[in-house]
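Colleague: Got a structure for you, questions after.
The values are calculated or read from the model by the stated rules, or taken from the named source; none is laboratory data. What you are looking at is a predicted structure, and each value in this text was computed from that prediction instead of being measured. Don't worry about glycine lacking a Cβ; one is built from the backbone with ideal geometry, like all the others, and counts go over all protein chains shown. Keep in mind that these areas ignore ligands, DNA and RNA; they rest on the heavy atoms of the full protein, side chains included. Shrake-Rupley method; radii C 1.70, N 1.55, O 1.52, S 1.80 Å.
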Amino acid sequence: MEPLLLKEAFDVESLSEDVIFTLLTSLKEDSRQNGSSKFRLYIEGKENQAEEKRFIGEEREASESIEQFFMRVSEGKKFGIVINGVQQWSDDISRFAAKVFKPLVERYGYSCASVEATLFMGNYGYTPFGIHVDDPYTHVVHFHLGPAAKSMTLFEPELFHQLNGPEKNCYQPEDLISYGDTYEISAGSMFLLPANYYHVGNTQSFSIGLALSISKNPESAITQFLLYDAVNDNRFAGDVHEVIERLEISQITLAEWMSERLEDHCLRNKSQKGLRYSFIEREVPEFENNTVFLLDPDFSIEFTDNGEKIRVFCRGNKIKLSSENQFIGFLQCLTSQKDTFTIRKLYEYFNGEVNMDTITFLIALFYSFGVIHIRE
């Protein structure tokens, strides 16, 4: 696959400044709750953790553009912000990423596909981590939001190592730039960066770029990922002899356990359209029994029943319900809704077999995961 630059390939307003500011607000709240910044900050080319809280904690002044905001916060210094997994905090970006890679995700399969969105902001000059290469399973599409243009210089692996020796990074990119192929990426442009190319970006003036990456993970990596789930499985918690005894009593085989984990992995991935990170729960507003709801058009509720527990997945988030006919019937009814619905109509449909409190609780839960919305 060759690099490809397409000018005027998308509408920059689809990822407007309001989208970015909303993302930053969600990121700030998540950082406050979890005690970590969730992003990397570079000032004058060096990573600066000491300034992260100040950058994320600043409030936007009235009518301030995002460029004006960051120019004020950075105090005129060269800076760069890199936010990995931004789809967690932005509903708009998660939908954008899911739609861009929908055909490839379906082609790769939900067991192997993984999509991630990364945001680059600043006037940092060359990418702070120098000329580098991404993992060999990943292709990246850059959507440039501007306002300033950005250049991307690429090197084929053989050429890069001829110039740089065996090292996989070069932190003095200006020494090698003239030997690479440079692409000028303006606002509204889309740039395809295939796997295995060494590359470095350069933006001397303030710009924002959204990099969407898709990976086709090898089956061996999926196996390791599934085995890691044992760390968080209560059946494997405690003294090794207790675990062995517990597994003997449950009579679950390793094959059965792995099959269940693989099913969970695929359903979780399907529920979030291949996006790598689960959507962060949102606040649930007050609503009435006659509030009108509708299902999300992009992200579906996925579930499976093993006779003991119903495992439900909503945009990567997992919940468990007891295997009762009322819950299976409710999920089947809910996910088949083609139009709007209310809690009262669902209650009447089941003729009281599923009580009102249970329906209200589940609707609120699904709303928090972003798979149900209130009709405007």
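Colleague: With N denoting the number of residues in the chain, provide Rg(C-alpha) divided by 2.2 N^0.38 Å, to two decimal places.
Modeller: 1.13
Colleague: A follow-up question, please. Tell me the Kirkwood radius of segment 239-350: reciprocal of the mean inverse pair distance over distinct alpha-carbon atoms, in Å.
Modeller: Evaluated over segment 239-350, this radius sits at 16.5 Å.
Colleague: How far apart, in nm, are two points set 7 Å out from the Cα along the Cα-to-Cβ line at ASN232 and at LEU294?
Modeller: My value for the distance between the label points is 3.3 nm.
Colleague: For segment 289-376, state the semi-axes of the equivalent ellipsoid (square roots of 5 times the eigenvalues of the alpha-carbon gyration tensor), sorted largest first and rounded to whole angstrom.
Modeller: After scaling each eigenvalue by five and taking roots: 19, 17, 10 Å.
Colleague: I need the GluC sites (Glu not before Pro) found in segment 71-161, filtered to DSSP loop residues with at most 10 other beta carbons within 10 Å of theirs.
Modeller: Here the GluC sites (Glu not before Pro) that fit, given the DSSP loop and packing criteria, are GLU75.
Colleague: I'd like the GluC sites (Glu not before Pro) in segment 269-344 restricted to DSSP loop residues with at most 15 other Cβ atoms within 10 Å, sorted by number.
Modeller: GLU281, GLU283, GLU286, GLU288, GLU308, GLU324
Colleague: Determine the gain in length on full extension of the stretch LYS7-PHE129; use 0.36 nm per residue of separation and subtract their C-alpha separation, reporting nm with one decimal.
Modeller: So the extension gain works out to 41.3 nm.
Colleague: Normalising by the residue count of the chain, find the relative contact order in percent from Cα pairs under 8 Å and 6+ residues apart.
Modeller: Contact order relative to length: 17 percent.
Colleague: Assuming R0 = 30 Å, what is the FRET efficiency of ARG60 and VAL284, from their Cβ-Cβ distance, to the nearest 0.05?
Modeller: Calculated value: 0.70.
Colleague: Under a plain spin-label model, where a point goes 7 Å from the Cα along Cα-to-Cβ, how far apart in nm are GLU75 and HIS241?
Modeller: Going by the 7 Å Cα→Cβ label model, 6.1 nm.
Colleague: What are the trypsin sites (Lys or Arg not before Pro) within segment 21-73 that DSSP puts in a loop, where the Cβ has at most 16 other Cβ atoms within 10 Å?
Modeller: ARG60
Colleague: For segment 2-49 and segment 95-109, what is the separation of their C-alpha centers, rounded to whole Å?
Modeller: A separation of 21 Å, based on Cα centres.
Colleague: Can you give the extra length, in nm with one decimal, that the chain gains between GLN33 and THR360 once fully stretched, where that is 0.36 nm per residue apart less the Cα-Cα distance?
Modeller: Fully extending the segment from GLN33 to THR360 adds 115.0 nm.
Colleague: While we're looking at this one, here's another question. Projected onto the charge dipole of segment 1-69 (+1 at Lys/Arg Cβ, -1 at Asp/Glu Cβ, origin at the Cα centre), which of LEU6, SER16, ASN34 gives the Cα projection farthest towards the positive end?
Modeller: ASN34
Colleague: Here is a follow-up. How much area per residue is accessible in segment 140-181 when the probe is 1.4 Å and only protein heavy atoms are counted (Å²)?
Modeller: Ligands and nucleic acids excluded, the figure is 53 Å² per residue.
Colleague: Report D for segment 106-252 in µm² per second (integer): Stokes-Einstein, Kirkwood Rh on Cα pairs, 10 °C, 1.306 mPa s.
Modeller: My calculation gives 87 µm²/s for D.
Colleague: While we're here: For LYS309, which lysines qualify as cross-link partners when the Cα separation must be under 27 Å and same-chain residues fewer than eight apart are set aside?
Modeller: LYS270, LYS273, LYS318, LYS320, LYS338, LYS345
Colleague: Checking the cross-link filter: which aspartates and glutamates have an alpha carbon closer than 17 Å to that of LYS46, excluding same-chain neighbours under 8 positions apart?
Modeller: GLU75, GLU174
Colleague: Right, something else. Give the angle, between 0 and 90 degrees and rounded to the nearest 10, that separates the Cα long axis of helix 91-100 from the longest principal axis of the Cα atoms of the chain.
Modeller: Relative to the chain, helix 91-100 is tipped by roughly 80 degrees.
Colleague: Quick one: Cα centre-to-centre distance for segment 345-363 and segment 185-250, in angstrom?
Modeller: Cα centroid of segment 345-363 versus Cα centroid of segment 185-250: 38 Å apart.
Colleague: To the nearest 20 Debye, how big is the dipole of the chain about its Cα centre, given +1 on the beta carbon of each Lys and Arg and -1 on that of each Asp and Glu?
Modeller: 160
Colleague: I want to check the label-to-label distance for ALA221 and LYS338. Put each point 7 Å from Cα in the C-beta direction and report it in nm to one decimal.
Modeller: According to this spin-label approximation, the distance is 4.0 nm.
Colleague: Enumerate the residues in segment 196-230 having an amide nitrogen under 17 Å from the point lying 7 Å beyond the Cα of THR304 toward its Cβ.
Modeller: 222-230
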